[in-house]
Amino acid sequence: MQSPNVNVGYGGVYVSTGYGAMLQQAIFEGRGLPNPRTVGGGLAAVGGALFAFCFLTTFFLHWLYYYPIVAAPPTLLTGLFMLATNEPLHRADGSKPPSWTRVALASLFIGGIGIGIGLIIFWTRWFVWW
């Protein structure tokens, strides 16, 4: 994992660390990752753990946490994409990864947020109020 980056902006100090910063740089700046399959496996594992947490707390404890429900699909989808394609890979010659990887990562992330919002509606309608 990379060390924390401190970016000073107009509104104050912003600290970006770890996988989120790598994913943001891969989508917006076109930077490649040194080993995307490792990052993708970690993201997929975190997304699966969030899904399991939401399932267990909803069905056994009857508690509903909204943030993990929204965070699980984009984390899982982008992780599975990077695990399957090994992109965006850092190129030795300094060139950027193909643009289809940036588009795919961004669309999977945004679509995952939409799926997460849909899951909140689905879970609150069918599983919480039974």
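Derivation of every value follows stated rules applied to the coordinates shown; laboratory data play no part. Keep in mind the model is a prediction, meaning the values are calculated, not measured. Don't worry about glycine lacking a Cβ; one is built from the backbone with ideal geometry, like all the others, and counts go over all protein chains shown.
Miscellaneous remarks
- Between residue 35 and residue 113, the modelled label-to-label distance comes to 3.1 nm, taking each label 7 Å out from Cα in the direction of the beta carbon.
- A Förster distance of 30 Å, applied to the separation of the beta-carbon atoms of residue 52 and residue 100, puts the FRET efficiency at 0.45.
- Note that segment 58-64 has calculated 3J(HN,Hα) couplings of 6, 7, 9, 9, 6, 10, 10 Hz, one per residue in order, obtained from phi through the Karplus relation 6.51 cos²θ - 1.76 cosθ + 1.60 (θ = phi - 60°); glycine and proline are x.
- Amide H partners (placed H, <5 Å) of residue 33, local residues excluded: 89, 90
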